[in-house]
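Read-outs: derived from the displayed coordinates by stated rules, not from any lab. Since we're looking at a predicted model, the values are computed, not measured. Cβ placement follows ideal geometry from the backbone for every residue including glycine, while neighbour counts extend to all protein chains displayed.
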Amino acid sequence: MVTQSQRGVYVYGILPGDIELAPGGTGVGDPPGEIRVVRHGDLAALVSDVDLDQPLGRPEDLLTHEELLDTSAAEVPVLPFRFGSVAASDEVVTAELLAPRHDEFASALRRLDGHAEYVVRGHYDRDAVLREVLTENPRAAQLCDQIQGTGPDSFRHLRMELAEIVVDVIAAKREQDTRAAGDAAADFVAGSAVRQPAHELDAVYIAFLVAADKTDGLEQALTRLARGWRGRVELRLIGPLAAYDFADTAPDAR
């Protein structure tokens with residue numbers, strides 16, 4: 001007996017209703033469905049069909065989700081949905097998302113119009129930041145001298161104390177450097193959101209909402225900052241991206 005697979009509608013995000021898609025684009029899932037839109041009023045939901053019998057969550061699915069939203073955001077305002085947002089049908093997308101929240105979504109799209117998200121990511125050079133810790137914190141320098149040349153199992157309590165000091169000092173430096181990056185970008189951004197560090201050596205992790213005519217100024221300001229931090233912090237600017245940190249009206253579709 002052949003059973004028919006259960007189908008669903010994967011929702012990537014909300015776009016202006018007059019959006020026109022290039023044919024042939026495909027989305028998440030195996031096999032991937034063709035990208036299309038569900039329209040209601042002056043809104044459009046970016047969607048594709050998915051086989052609900054096949055679990056979503058492969059790395060390539062997440063990459064496809066992000067690439068579709070980021071590519072769209074380079075052209076039009078986008079309210080991105082979280083990865084894995086699935087509705088039962090086009091009718092459910094309209095009845096439970098687009099129709100009841102039409103004015104809310106439309107207002108959010110207007111606020112994002114002409115803007116995109118950029119992420120500034122800074123990573124400490126391990127040796128450089130540890131030298132700063134030992135130079136600025138006498139207790140850390142003292143502990144380092146005491147345990148230098150000993151085996152990893154020796155002076156365990158001193159090693160733990162030193163590790164705690166290093167973590168605390170780097171956290172304070174991260175706060176200071178995050179503030180410096182925010183100050184450097186302040187004249188060129190419409191909003192900012194500090195993200196939680198994803199790594200112990202993260203120095204800066206900030207999302208900025210940036211108008212199209214301000215991106216050159218932002219890049220130049222961050223280039224100057226990176227020049228001053230050379231050898232200490234490696235700074236990267238990532239974008240344009242969909243406004244993941246600034247589209248707080250967009251829920252899960254599920």
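Between His199 and Glu96, what length comes free when the chain is fully extended (0.36 nm per residue of separation minus the Cα-Cα distance, one decimal in nm)? All intermediate terms of the calculation are to be shown ahead of the outcome.
Details: separation 103, 0.36 × 103 = 37.08 nm, distance 3.83 nm.
Here the segment from His199 to Glu96 would lengthen by 33.2 nm.
Zone of Arg179 (label point 7 Å along Cα→Cβ, backbone N under 19 Å): which residues in region 204-221?
Output list for this probe position: 204-207.
For region 155-183 and region 65-104, what is the separation of their Cα centres, given in Å?
When both Cα centres are located, 40 Å separates them.
For region 89-167, what is the charge dipole size about the Cα centre, in debye to the nearest 20, if Lys and Arg each add +1 at the Cβ and Asp and Glu each add -1 at the Cβ?
Working: 9 positive and 15 negative charges, 80 e Å.
Once rounded to the nearest 20, the dipole reads 380 debye.
Helices from the chain with mean Kyte-Doolittle at least -1.0 and a Cα length along the axis of 18 Å or more, per DSSP H: which?
Numbers: long enough: 59-73 (21 Å, -0.50); 156-185 (43 Å, -0.23); 215-228 (20 Å, -0.48).
Counting only whole DSSP H runs, the qualifying helices are 59-73, 156-185, 215-228.
Determine the calculated [θ] at 222 nm for the chain from helices alone, applying -39500 (n - 2.57) to every DSSP H run no shorter than 4 residues and normalising by the residue count; nearest 500 deg cm²/dmol.
Values: 7 runs with 95 residues, N = 254.
Estimated from H runs of four or more residues: -12000 deg cm²/dmol.
How many nm separate the modelled label positions at Ala74 and Ala163, each set 7 Å beyond the Cα in the direction of the Cβ?
With each label placed 7 Å out from Cα toward Cβ, I get 4.3 nm.
Please tell me the relative contact order of the chain in percent, rounded to the nearest whole number, where contacts are Cα pairs under 8 Å and at least six residues apart.
Values: 430 pairs, mean separation 64.5, N = 254.
With pairs under 8 Å counted, the relative contact order is 25 percent.
Please work out the FRET efficiency for the pair Arg131 and Asp213, using the Cβ-Cβ distance as r and a Förster radius of 51 Å; give the result to the nearest 0.05. Before the final figure, lay out the partial values.
Details: r = 41 Å, r/R0 = 0.80.
So, using R0 = 51 Å, E works out to roughly 0.80.
Please give the charge dipole size of region 46-111, origin at the Cα centre, charges +1 on K and R Cβ atoms and -1 on D and E Cβ atoms. Round to the nearest 20 debye. Walk me through the intermediate numbers first.
Numbers: 5 positive and 14 negative charges, 80 e Å.
The dipole of region 46-111 has a size of about 380 debye.
Is the shape of the chain rounded, prolate or oblate, going by the alpha carbon gyration tensor and its root eigenvalues a ≥ b ≥ c, with a/c under 1.5 for rounded and a/b larger than b/c for prolate?
Details: a/c = 3.21, a/b = 1.85, b/c = 1.73.
Verdict is prolate for the chain.
Along the positive direction of the dipole of region 7-113 (beta-carbon charges: Lys, Arg +1; Asp, Glu -1; about the Cα centre), which of Pro100, Leu63, Val37 reaches farthest?
With unit charges placed on the Cβ atoms, the residue in question is Pro100.
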